[in-house]
Amino acid sequence: MGDGERGNLFLRYVVMMTAVFILIGVVVVPFTAGDDRFFVIIALAIGYIIVLVLLYHLFENYVKPIRASINVTNELVKGNYNVRTYVKPAGEAQQLSSLINQLARNLQEMYIQEKMQGSQWKTVINNMESGLMLIDERGYVHLVNRKFLQMFGEDSVHYIGYLYYDVLAQKSIHRVVQETFLYEEKMTGAITRMMDGQKHHIEVVGAPVFNDVKELKGAVLVFHDITELKRVEQMRKDFVANVSHELKTPITSIRGFSETLLDGAMEDEQLCKQFIDIILKESTRLQALVQDLLELSKLEKEELQLTRKLIHVDEFIKGITTLVEQQASTKSITLDVKLEEGITFYGDPDRLQQVVLNLLYNGINYTLENGRISLDISTDKNLVLIKVSDSGIGIPEESIHRIFERFYRVDRARSRNTGGTGLGLAIVKHIVEAHKGKIEVESEVNKGSTFTVKLPKEW
């Protein structure tokens, strides 16, 4: 109640009391005369003043605080916890007002804490890396998080309030939910979904939800995207199979020719020399393979210690071109080198030389005779761009995203003939990433490939 309303209420009380005293005067005064009438009028006036004082005291100390407390209580019931009532300096009204204000403060603190906790839980749930769905004991959906919506599409309004089997068509999910309710323990399942044009593997985990008296009140479904785990597991299997195959080939050759020599071939000098050359070649290949495996293992375990130096590109490239030109000339391949003048940046020169040589040797190996290879080094803002292009056989589109995998070969027969170990590009990728850079590739079958290494000038 505002000050104006309280003033009007007190004025009404005054008017009522005034009317009562006037009525008493009208009734009593006519029955008196002389001095008695004077005393009666004086007594009525004094009584009127006393009643007004008592009325004001009663209004200020009881009526007004109680009405203010009623108004504050109504606001608290509506959920407005910011309201406070006026506290009188003394008396029962002061105690009542203080208690109501304390109640309002406690409710406000509880509301703020509850709001903060709700916001925190909402933030945590919506930023989980796994999808989440909450189902009650009747099967109705009560909650889904942002990751779930990314996995299954639609908005939350298409799920909340519906039965889980009406909004999720996968039978595997239905089985997980049913077994979770039936056995009242954690159950798992798996589904596959197409997301962003790619197939994703999703593990579904169902866990029962109990109340304080151990009654089943629903279930929580958690959806883990295990696509990356599946990919890594497949890569591990491929690696074991590939390294076994790569080691088997030279070992089989070395053993076979050694046995042939022991069986009498050593007596034929020409044949003996031919077999020993083959054994040397295969052992050299085996040594290169083991060396590359050790190198790659060191890179992947982050044991690589880079020697950070200021690299002057003009001097850096001279040693590389000298090594490559000789090999390129054996296939009549033209090597074009284009450098932007004055480029300097920080990096490990030995490791980066390994990167450039690997890319150039790859270009030579996969380019036919009389072809062309180019090395272009330039800058773009704070980046150094190293581009190696060739006019070789190219890479099929479906293989481009796999060429940096260990032992992956686009043309296995041709790769082995060139003496490669199948680990060169994997090593290149790790060295580039160790320099905080990245490598990209563009290619077209029978037209050639372009590898672009982007390195920061400082890191």
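The values are calculated or read from the model by the stated rules, or taken from the named source; none is laboratory data. Here the structure is a predicted model, which means the values were calculated and not measured. Because the Cβ atoms are built from the backbone with ideal geometry, glycine has one as well, and the counts that use them run over all protein chains shown. These accessible areas exclude ligands, DNA and RNA; they are computed on the full protein's heavy atoms, side chains included. Shrake-Rupley method; radii C 1.70, N 1.55, O 1.52, S 1.80 Å.
Considering each residue of the range 330-353, count those that are outside any strand (DSSP E or B), open to solvent by less than 50 Å² (accessible area, probe 1.4 Å) and not acidic (D, E), and give that number. Even if it seems obvious, please write down each step before you answer.
The first filter runs over the range 330-353 and keeps only residues outside any strand (DSSP E or B), leaving 330-333, 340-343, 348-353.
Now restrict to residues that are open to solvent by less than 50 Å² (accessible area, probe 1.4 Å): 331, 333, 343, 348-349, 351-352.
Pick out the ones that are also not acidic (D, E) and you get 331, 333, 343, 349, 351-352.
So the count comes out to 6.
Kindly list the number of the only condition in (1) open to solvent by 50 Å² or more (accessible area, probe 1.4 Å); (2) under 16 Å from L132 (Cα atoms) that fails for V167.
(1)
Is it the case that E369 is closer than 17 Å to A328 by Cα, outside any helix (DSSP H, G or I) and either open to solvent by less than 10 Å² (accessible area, probe 1.4 Å) or in the same structural domain as N446 (by the TED database) (or both)?
Numbers: closer than 17 Å to A328 by Cα: yes; outside any helix (DSSP H, G or I): yes; either open to solvent by less than 10 Å² (accessible area, probe 1.4 Å) or in the same structural domain as N446 (by the TED database) (or both): yes.
Answer is yes for this residue.
What are the residue pairs meeting all of these: first residue in the range 132-144, first residue touching a residue at least 24 places away in the same chain (Cβ under 8 Å) and among the small types (G, A, S), second residue open to solvent by 60 Å² or more (accessible area, probe 1.4 Å) and not in a strand (DSSP E or B), Cβ atoms under 8 Å, and 6 or more apart or on different chains?
Note: pairs meeting the criteria are G139/Y165.
In the range 441-450, what count of residues is obtained for those that are in contact with a Ser or Thr (Cβ under 9 Å, 6 or more places away or on another chain) and surrounded by 12 or more Cβ atoms within 10 Å (Cβ to Cβ)? Explain how you work it out, then say what you get.
Keep residues of the range 441-450 that are in contact with a Ser or Thr (Cβ under 9 Å, 6 or more places away or on another chain), which gives 441-443, 447-450.
Filter once more, so that each one left must be surrounded by 12 or more Cβ atoms within 10 Å (Cβ to Cβ): 441-443, 448-450.
Total satisfying the criteria: 6.
Out of the range 40-77, which residues are out of contact with any Ser or Thr (no Cβ under 6 Å at 6 or more places or on another chain), among the β-branched types (V, I, T) and over 30 Å from Q102 (Cα atoms)?
I41, I42, I46, I49, I50, V51, V53
Specify the residue that is farthest from H200 (Cα to Cα); the eligible residues are those in the range 132-159 that are part of a loop (DSSP other than H, G, I, E, B) and small (G, A, S).
Residues of the range 132-159 part of a loop (DSSP other than H, G, I, E, B): 137-139, 145, 153-155, 159.
Filter again for small (G, A, S), leaving 139, 153.
Numbers: G139: 26, G153: 14 Å.
If we take residues in the range 132-159 being part of a loop (DSSP other than H, G, I, E, B) and small (G, A, S), then G139 is farthest from H200 (Cα to Cα).
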